[in-house]
Every structure is written in structure tokens, then in C-alpha cells.
1. Which net charge results when you count Lys and Arg as +1 and Asp and Glu as -1 among the other residues whose beta-carbon is under 14 Å from that of Asp256?
2. Take the alpha-carbon centre of the stretch 38-85, take the same for the stretch 180-207, and report the distance between them in whole Å.
3. What residues qualify as long-range amide H neighbours of Phe354, i.e. H under 5 Å apart, gap of 5 or more or another chain, H built at 1.01 Å from N?
4. At q = 0.13, 0.14, 0.17 Å⁻¹, what log₁₀ I(q)/I(0) does the stretch 120-242 have when each alpha carbon counts as one equal point scatterer in the Debye sum?
5. With Cβ to Cβ distances under 9 Å as the rule, what net charge do the other residues near Val131 carry (K, R +1; D, E -1)?
6. Expressed in nm², what is the orientationally averaged projection area of the convex hull enclosing the Cα positions of the stretch 61-100?
7. Taking the Cα centroid of the stretch 109-156 and of the stretch 348-365, what is the distance between the two, rounded to the nearest whole Å?
8. Among the lysines, which fall within straight-line cross-link reach of Lys234, defined as a Cα-Cα distance under 18 Å, with same-chain neighbours fewer than 8 residues apart omitted?
Amino acid sequence: MSEITKVVLYDTQESHENLLPLAYTRPVADFRVGIVTIKEKWEALLPATYSYKTVAYLQEKYPMTVNDGEEILFISGDLLPDRNIVDAVKGLNKGEALDDGSKVVAFRCLLSDFDKFADADPESLPSSTTVNLELGRLEYVYDIFQKNGEALKNDYSRIVAGRISQELSDSCTVIGPALTPCGLPTVFIEEGAQVEGAILNVKNGPIYIGKDAEVMEGSMLRGPIALCRKSKFKMGSKIYGNTTIGPFSKVGGEIDNVVIFGYSNKAHDGYLGNAVIGEWCNIGAGTNASNLKNDYAKIRLWNYRTHTFMRTDLQFCGLIMGDHSKAGINCMFNTATVVGVGVNLHGAGFPRVFIPSFSEGSPEGGFGNVSIDKFMTTARRVMSRRGLDLDDKDRSICEHIYDYASKFKGKA
């Protein structure tokens, strides 16, 4: 068996569409679930050179760095790795595949043979082995918050093992044990982080505070929680478990089982639960998003692949928001609202539970289009505050999303 040197994390058209609007602007392997992204998990567990095979319009920004004739390990980008899966993947020989009983999730072959495996029925592949996936895959957007708690604990165990945390300030109160069952500290504070006057409950899981992050006084945290690099919990925040706040974000108010990919703000009072927020989003002061229907009925959620609202077995589902979307002060979202990319919502009242990308307006005044030029101007203004910019590749991606979104406007 030859050594694995190149790994390609791939998206199928089906997985891409099922995970919109979050997959509009990134390969699925760049989703943050737990503390780090899916790609970063694989890199830590299976060292190699990684790249992507994603949908065509994203491929220029996220290129596949392999050559014809090279033997490559292909792994489905929606697969959440653990050590058992990594061991199974490492055991693959050329021409062999792994499946989860319904879909091929990994295979080893030449680039020219990719299509033979990626969309194959596992039963048609004599070399495919069925494996038990403990965490499984991200089939739909709600899997991100549903599987975040377990992924967070797994990441935590790997990231803090053998390391020493910064001292926790005497101004803080910890409720629960000092060590996890594996003997790791239940609170880990990276270099440069500040935690003062906070209550940290670790009975149900650990709390990870990233490098240069800050937990301001009066914050109440109930693990498992991850606050990533240079992010902040504002004063008096109420943060429930299974929550991840990606880097360079600010969070306040009350949140429960929320994943923010990064570079986004919900800095003020208001409720957000069972939700996923992309990058470069802003949720204004006093904005609330329902995660439970008044009649306790099961959730129906917009699905881009079927162009309709899909039935789920969920009772709790909140806001799903794509990159670069904004909600003004005192906005309201119904249960299981899906907001696309580049949306600007303001005004009173509840909008519809699906808002297509590049829409601007209010429930009472209606919605119009956001032009690409106007979007780029705003996005550049926002990103410049972090020393970042949108380039021609990003504009090309946005133009594709804009064209694709036009088919949904006025029809959802």
C-alpha cells in the first residue's frame, strides 16, 4: 500500500445544492463544524496535501492541485472525520472505496476515474466497503447545528491534548469538574485571550476560548462552547451549549446551539437558537429569530435542490443565513427562515421564510434586487475593516449566485 500524499475533498452537485445557501460561497469542506473546519479536521488527522474538487463556478478560487496520472485519495467534503473513519480511509488501496450504506464517501483512484466512483451506487462497486459513521455526514444545513456539539468535543480533545491552558482569572466562577473524563481541563484558554467576571458551566461539556478572544464580564456560558480566534462575547451574554463562534466575530444577547462560521456579528440583545450564520453577516440590536413553531409542529425548511420546502423531523430550527447578509434593528424571523447571500433586511414584521440572495427590503415594503455593483461596494467596505477585500474571483462567484437566485425571486 503506497503512502497517501494527496487528498481531494470533493462536492457532488447534490451535496452542494442541499447545503445552500452556505455552500454558495465555499466548498462544503470549508464549513466550520465543531471548533475548526472539516478540511482542518482532515489535515490534523491525516496529514497530506489537500485541495478541492467542487462545483465549476467555485473551482477557480478553490482549485484542485493534482495532475493526471497521480493516485489520489478522494473524500466526500461533507464527511465528518473521526479516528475510525481515518483508519478506514488510510487502508484503501487503488480502486477501492468506502460507503455509508447508501453513498460512496471515499475512494482511491486516478483523476480520470473520478466519475466512476463519485456518483456510483455502492452495490455496483465490488471493491466498496460499508463503514459505520459515528458523526456521519452533513446532508442538510440543519445537520451543522445538530452535529456541532459532538464535533466540538472531538476537536477539543484533539486540540488541547498535551497542552497547558492560560490561567483562568479569579474573577470567574466555574461550575462543574476541573477535568474531563479523559483528564483534560474542562476550560482551555489560548494565548492572549481574556476572560473576566464570567460564569462557566462545564457539566455538559468543555469551553474553548481561542487565541486573543475575549469573554466580557457578566457573560454566562454553558458548555460545550467554542469561541474562536479574536472573537468576543459581549457583556452579559447568555450562551448555551453546542455553540461555536468562528473567528473575528462579536456575539451578545442570548444564543443556543448556534454555529457562526466567522467574521460575523450578533453583538446585541436578541435571541438566536438552532441556527447557522455564514461569514460577513450582521444581525442588528433587538433582532429575534424563532426556533419553535407556536403549534409545536415539525419543521418544513426551504431546500434549493428540490426548489420547495422539505419536510424534516425537526421540532427546533432557527435562522439559516448565507454570507454577507444583514438584518437591521428589531427585525423578526419566523421559525426555520432561510436567507440567501447578500440580503439586506430591515423594517418591522416577519419576512417570508425564504429570502432569495441579493434581495433588499422589508416585510411591509416588499423586496427588490441588490445590484452586483452595490453589493460589491458594501462588501468591500465591510471587509476592509479586517484588512481583506473581494477580488475578481469573488465577483465572478457573486455574479453566478446572482443569476442563480433570479429563478427564486417572487416564487418562494
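Values quoted throughout were computed directly from the atomic coordinates according to the rules given, and no laboratory measurement underlies them. Being a predicted model, the structure only gives us computed values, none of them experimental. Using ideal geometry, Cβ is built from the backbone for each residue, glycine included, and neighbour counts are taken over all protein chains shown.
1. Here the count lands on +2.
2. If we compute the Cα centre of each part, the gap is 32 Å.
3. Hits under the 5 Å cutoff: Val338.
4. Here log10 of I(q) over I(0) equals -0.56, -0.62, -0.84.
5. Within the 9 Å Cβ shell, the charges total -2.
6. Details: hull surface 15.5 nm².
Projected area, direction-averaged: 3.9 nm².
7. 35 Å
8. Lys234 reaches Lys211, Lys250, Lys266.
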